[in-house]
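The values are calculated or read from the model by the stated rules, or taken from the named source; none is laboratory data. From a predicted model like this one, the values you see are computed outputs, not experimental measurements. Backbone-built Cβ (ideal geometry, glycine too); neighbour counts: all protein chains shown.
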Amino acid sequence: MKTRRIYATPNLAAAQAALAAARDTGIDLHSLSLIARSDIEMEAVPDELREAHTDTVPAALRGAAGGGAVGLVAGLIAVAVPPLGITLAGAGLMAAVGALVGSWSSALVGASIPDPVRRRFEETIEAGQILLVVDAEDEAEATRAEAAILRAGGTALPYESATAVS
């Protein structure tokens, strides 16, 4: 499990300095990303450093769990009604179909919802600041990176969470 921390920088030059400082502490480039106002991102932030803008994957996972559970319950109820002729294999199939439909529909909804970091710091982003997102492997790595980022001109924002996806 990685630890996610967020830092604000006043402009692109400061963001690049903070990014370089984090890299110098050993943070992998794939564990770093930048979030900025859309006009800044489109012009200045390289594609590989852009943060995902939607909640698609987490929404799909929640939909799979919910849809699978509903499908399983429906399948078990159908097994309990003998005239329907549904077997346990049929109940399993209904659970799988429920998971697929739940994933698909939730992913569609999640694609329209901004990621949690963008939602939480929307005002900071709209004010023109660029956020640096760091997904450190452990607490020691996060602490080393934070010290370097603060020296480079970044400002720590009140956000820390565990994340499985970077």
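Test of understanding: among A36, A69, which residue is surrounded by fewer than 15 Cβ atoms within 10 Å (Cβ to Cβ), hydrophobic (A, V, I, L, M, F, W, C) and either closer than 24 Å to F121 by Cα or at pLDDT 70 or above (or both)?
Going through A36, A69 in turn, just one is surrounded by fewer than 15 Cβ atoms within 10 Å (Cβ to Cβ), hydrophobic (A, V, I, L, M, F, W, C) and either closer than 24 Å to F121 by Cα or at pLDDT 70 or above (or both): A69.
Out of curiosity, is G128 modelled with pLDDT of 85 or more, surrounded by fewer than 16 Cβ atoms within 10 Å (Cβ to Cβ) and either part of a helix (DSSP H, G or I) or not aliphatic (A, V, I, L, M) (or both)?
yes
Kindly provide the set of residues from region 20-31 that are farther than 13 Å from E141 by Cα and touching a residue at least 40 places away in the same chain (Cβ under 8 Å), ordered by number.
If the condition is that a residue be farther than 13 Å from E141 by Cα and touching a residue at least 40 places away in the same chain (Cβ under 8 Å), then A20, H30 are the ones that fit.
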